[in-house]
Structure formats: structure tokens, C-alpha cells
1. Per-residue ellipticity at 222 nm for chain B, helices alone: DSSP H runs ≥ 4 residues times -39500 (n - 2.57), over residue total, nearest 500 deg cm²/dmol?
2. For B:Thr66, what residues show an amide H to amide H distance below 5 Å, using hydrogens built from the backbone and excluding near sequence neighbours?
3. Explain nothing, just compute: Karplus ³J(HN,Hα) = 6.51 cos²θ - 1.76 cosθ + 1.60, θ = phi - 60°, for every residue of segment B:175-192 in order, whole Hz, x for Gly and Pro.
4. Using R₀ = 51 Å, calculate the FRET efficiency as 1/(1 + (r/R₀)^6) where r is the Cβ-Cβ separation of B:Ala93 and A:Ala7; round to 0.05.
5. Quick one: which residues, 5+ away or cross-chain, put their amide H under 5 Å from the amide H of A:Val25? H built at 1.01 Å from N.
6. Could you tell me whether segment B:104-225 comes out rounded, prolate or oblate from its Cα gyration tensor? Rule is a ≥ b ≥ c as square roots of the eigenvalues, rounded for a/c under 1.5, then prolate if a/b exceeds b/c, otherwise oblate.
7. Which ³J(HN,Hα) values in Hz, rounded to whole numbers, follow from the phi angles of segment B:21-34 under the Karplus curve 6.51 cos²θ - 1.76 cosθ + 1.60, where θ = phi - 60° and Gly and Pro get x?
8. Which cysteines does chain B leave without a neighbouring Cys Cβ under 4.7 Å?
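Derivation of every value follows stated rules applied to the coordinates shown; laboratory data play no part. Note that the structure is predicted; figures quoted are calculated from it, not measured. Heads up, the Cβs are rebuilt from the backbone with ideal geometry, glycines too, and the neighbour counts pull from every protein chain shown.
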Amino acid sequence: MSVQPLAPSDASLLELVDRLLNKGVVLIGEATISVAGVDLIYLGLNLVLSSVDALERPRGGPAGGGGSSGGGAPRT
Amino acid sequence: MRLIAHAITPAPRPRVAVRGLRGRPLEWLESAGLGIWSTRWDTAEPLARDDVLDHHRVIEGICAATPCLPVRFGTAFADAAAARATLDRRSDALRDALARVSGRSEIAVTLLWREPSGDSAPRPPVDDAAGPGRRFLEERQARWSASDARRRQAAELVERLVATLAVEPALVRHEICSSERVAVSLAVLSPTDQAPDQIASLRRFLAGLSDVTGVVNGPWPPYTFAGIDESGGVSAGSATRLPGWPPA
């Protein structure tokens with residue numbers, strides 16, 4: 001498997017997105033956040049890699065795909 | 001119409017200098033000595049990817065003015081009564097959490113492997129004379145050995161980081177080897193006025209590491225330390241899915 005180096009700027013975005021989607025107070029009435037049908041709540045940084053893929057997808061681009069399709073494999 | 005929650009702060013309403021998502025007005029709903037900040041949102045209006053980072057901007061602005069608990073992105077209430085009812089139900093736990101993070105900020109440290117892991121790095125070839133079963137077992141053993149070695153190395157790095165920070169263990173949360181490229185993801189809750197010194201100290205420490213590249217972020221709102229006992233906090237029956245998420 002070919003592994004692309006993770007740039008420090010990517011790591012900063014990943015850490016921030018991980019916190020926004022997976023940390024913070026959980027309250028009743030919460031909306032479930034998902035990417036391509038995979039709920040991100042309670043999942044760790046590994047799967048947040050997939051959420052970043054969704055965030056970086058251009059608006060109006062194809063839905064689905066990324067690392068989270070087909071069962072949520074992380075984009076590592 | 002729905003309310004997208006951003007943060008919880010103590011009452012009375014403090015003055016904050018930020019606006020809500022996409023520059024809309026921030027709403028304050030108060031109950032049980034607490035208040036919840038939110039943006040009013042049309043239920044039919046889709047959230048977009050930029051709204052995730054905008055949520056961070058809003059929380060940063062609120063936390064700059066008062067102790068605050070960030071709310072996980074995507075938390076939405078049907079109306080003001082639902083938001084106030086949540087504050088009423090969980091007021092004790094929320095106050096405890098606010099006391100824990102008051103005057104403190106979160107610093108994030110990420111250590112990235114400079115080299116690929118054993119899964120990706122070239123390995124010595126298995127003996128050509130070996131049968132397929134032995135080859136499979138030897139390759140699997142090599143993968144596991146490499147993975148174990150990395151986890152041990154990452155755990156040692158965490159110990160050194162915690163020693164560098166010189167803080168109580170309860171103020172540090174971490175994960176190791178959470179992905180192929182991430183060795184350590186660590187969060188520390190630091191007194192806000194000491195955060196710049198902590199960051200400088202961490203950067204000096206990270207500059208001396210050879211196997212990993214270190215990234216320090218923050219100070220951020222205390223996302224990682226804002227959690228309260230979740231056992232009674234999530235009701236599957238009340239969960240709703242925000243329209244338009246994920247962004248198409």
C-alpha cells in the first residue's frame with residue numbers, strides 16, 4: 001500500500017475536525033452527523049480522516065465515495 | 001426552524017463579540033443558571049462543510065469572553081423549550097464540567113511518523129523455498145511485530161510528552177497509532193495564561209525528536225475536556241439528522 005506523507009497542516013485540520021465532530025458536550029436532541037451514511041459520533045481520529053475527505057470535497061461534487069463508503073474504511 | 005447549538009456558559013448572559021453561523025445573530029437561552037448559545041436555522045436549509053469550521057469560530061469567540069463548554073457540532077434543538085429542558089436536566093453535570101475547564105484552554109499535539117510503518121515499509125523477502133502457509137504466517141508475524149514496536153514507541157513518546165508538560169494525568173488525553181500516519185494525538189488542558197509557555201516548551205521538545213514530526217495547535221476551546229457523563233445524555237429516539245449533511 002502506498003502511503004502519502006501527512007503534512008503538518010493536514011494534521012492540524014484533522015485534529016480540529018476531530019474535536020468539532022467527536023468531542024464537546026453531547027446533549028439530548030443531538031443530530032446525528034454522518035458522512036456517506038457512516039455516523040461519525042464516537043468514532044476516533046482514524047475515521048475522521050474520512051470526514052475530512054468529505055469536507056474537502058468541492059461543493060456540488062459527487063456525494064459518497066471517499067474513505068467512508070462501503071463500510072467506513074478510513075482514508076489512511 | 002431549529003436551533004443549532006454552539007456552547008454552554010454560566011448565566012447571566014455575558015457580552016460576546018461574535019455572531020452565529022454565517023454571520024447570523026447568536027441566540028442566548030437561559031435556564032438553571034446556565035445559558036446555551038445557538039444559531040436559528042431553517043430546517044430545510046442544508047449545512048455545508050464551511051459551517052463546521054464556522055462553528056469553531058463561534059465557539060472561540062464565546063470562550064474568549066467567558067468559561068464555556070463547546071457543544072459537539074450538529075447538535076440541534078427543535079425549539080427554545082427543548083434547549084432549556086436539556087439545561088434543566090443536566091445542570092449539575094454541566095456546572096461541574098464548566099468548573100473543570102474554567103480559565104483553561106486545550107493544546108493539541110500530533111506526532112506524525114516520518115517513515116511508513118511496517119505494513120508499508122519494504123521488508124526482507126520470505127525464504128523462497130517456504131510454502132504458502134509458512135510465507136503467510138511469517139509475513140503476518142512481521143506485520144504484527146512492526147505494529148507492536150510502533151505502539152511501544154508511541155507509548156514512550158506519550159510518557160515523554162507528559163513529563164515535559166508536567167501536568168496532572170487527568171489533564172491529558174491521548175490516542176496512539178490512531179491511523180497509519182499518526183503516532184500520537186494528545187490533548188492537554190492548560191491554564192489559558194500559561195498556554196503560550198506550554199506551547200513553546202512543547203515545540204522545543206518536539207524539535208528534538210527524530211522518528212516523528214510534531215505539530216502543536218492551540219490554544220483551542222476545551223473540546224476534549226468538555227464531555228459530561230454520556231450515559232444519560234443521548235436519546236436515540238430524539239436524534240435527528242440535519243438536512244444536507246454531509247454536504248453534497
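1. Working: 5 runs with 83 residues, N = 248.
Roughly -11000 deg cm²/dmol at 222 nm, from the helical runs in chain B.
2. none
3. 10, 10, 6, 6, 7, 3, 9, 9, 7, 9, 10, 10, 10, 10, 8, 10, x, 4
4. On the way: r = 39 Å, r/R0 = 0.76.
Efficiency, rounded to the nearest 0.05: 0.85.
5. B:Val71, B:Arg72
6. On the way: a/c = 3.57, a/b = 2.92, b/c = 1.22.
The shape class here is prolate.
7. Going residue by residue, I get 4, 6, x, 6, x, 7, 9, 10, 10, 10, 6, 6, x, 10 Hz, with x marking Gly and Pro.
8. Lone cysteines by the Cβ rule: B:Cys177.
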